[in-house]
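Undergrad: Got a structure here, written out as structure tokens. Questions coming.
The values are calculated or read from the model by the stated rules, or taken from the named source; none is laboratory data. What you are looking at is a predicted structure, and each value in this text was computed from that prediction instead of being measured. With ideal geometry, Cβ positions are generated from the backbone for all residues, glycine too; neighbour counts draw on all protein chains shown. Please note that ligands, DNA and RNA were not included when accessible areas were found on the heavy atoms of the full protein model with its side chains. Shrake-Rupley method; radii C 1.70, N 1.55, O 1.52, S 1.80 Å.
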Amino acid sequence: MFGLSELAVVLIVVIAVIAARKGPELARSAGKAARVLKAERRAMKDGGEPAAPRVIRGETQTPAPPHRPQD
């Protein structure tokens, strides 16, 4: 049915499509990680303790009870 070369082309196309969708997100994530590591390295070089992680407090919401129609 399909030869090895056709399957390779299909695989390359699938990888390219996935990379086009996820590429910017992965690059952004890698950039954030690099900035954090750079800041931590700078803090350790200055002799201080590493910066405490930022904690962002969120609000929890309870789900609303299911709506029951009146008879």
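Undergrad: For the range 9-54, which trypsin sites (Lys or Arg not before Pro) are both in a DSSP coil and crowded by at most 10 other Cβ atoms within 10 Å? Don't jump to the answer; show the numbers that get you there.
TA: Values: sites: Arg21, Lys22, Arg28, Lys32, Arg35, Lys38, Arg41, Arg42, Lys45, Arg54; in loops: Arg54.
Filter output for the range 9-54: Arg54.
Undergrad: OK, next. Along each principal axis of its Cα atoms, how long is the chain end to end? Whole angstroms, biggest number first, please.
TA: So the three principal-axis extents are 70, 61, 15 Å.
Undergrad: Rounded to the nearest 500 deg cm²/dmol, what is the calculated helix-only ellipticity per residue at 222 nm for the chain, with -39500 (n - 2.57) per DSSP H run of length n ≥ 4? Don't skip to the answer; put the middle values down first.
TA: On the way: 1 runs with 42 residues, N = 71.
My calculation for the chain gives -22000 deg cm²/dmol from helical runs alone.
Undergrad: Also, quick follow-up: Towards the positive end of the charge dipole of the range 1-66, with charges on Cβ (+1 Lys, Arg; -1 Asp, Glu), say which of Ile18, Gly47, Ser5 has the farthest Cα.
TA: Farthest towards the positive pole: Gly47.
Undergrad: Can you tell which of Glu59, Glu40, Glu25 shows the greatest fluctuation in a Gaussian network model of the chain with Cα springs below 10 Å?
TA: Ranking Glu59, Glu40, Glu25 by mean-square fluctuation puts Glu59 first.
Undergrad: Of the residues Gly23, Gly47, Gly58, which exhibits the maximal mean-square fluctuation in a Gaussian network model of the chain defined by a 10 Å Cα contact cut-off?
TA: Gly58
Undergrad: Rounded to the nearest 10 Å², what accessible area does Leu26 have for a 1.4 Å probe in the complete protein model?
TA: Accessible area, nearest 10 Å²: 120 Å².
Undergrad: Shifting gears a bit: If I build a Gaussian network model for the chain, linking alpha-carbon pairs within less than 10 angstrom, which residue out of Val36, Val14, Val55 has the largest mean-square fluctuation?
TA: Answer for the Gaussian network model of the chain: Val55.
Undergrad: For the chain, what is the charge dipole size about the Cα centre, in debye to the nearest 20, if Lys and Arg each add +1 at the Cβ and Asp and Glu each add -1 at the Cβ? It would help to have the intermediate numbers written out before the result.
TA: Working: 12 positive and 7 negative charges, 85 e Å.
Computed about the Cα centre, the dipole is about 400 debye.
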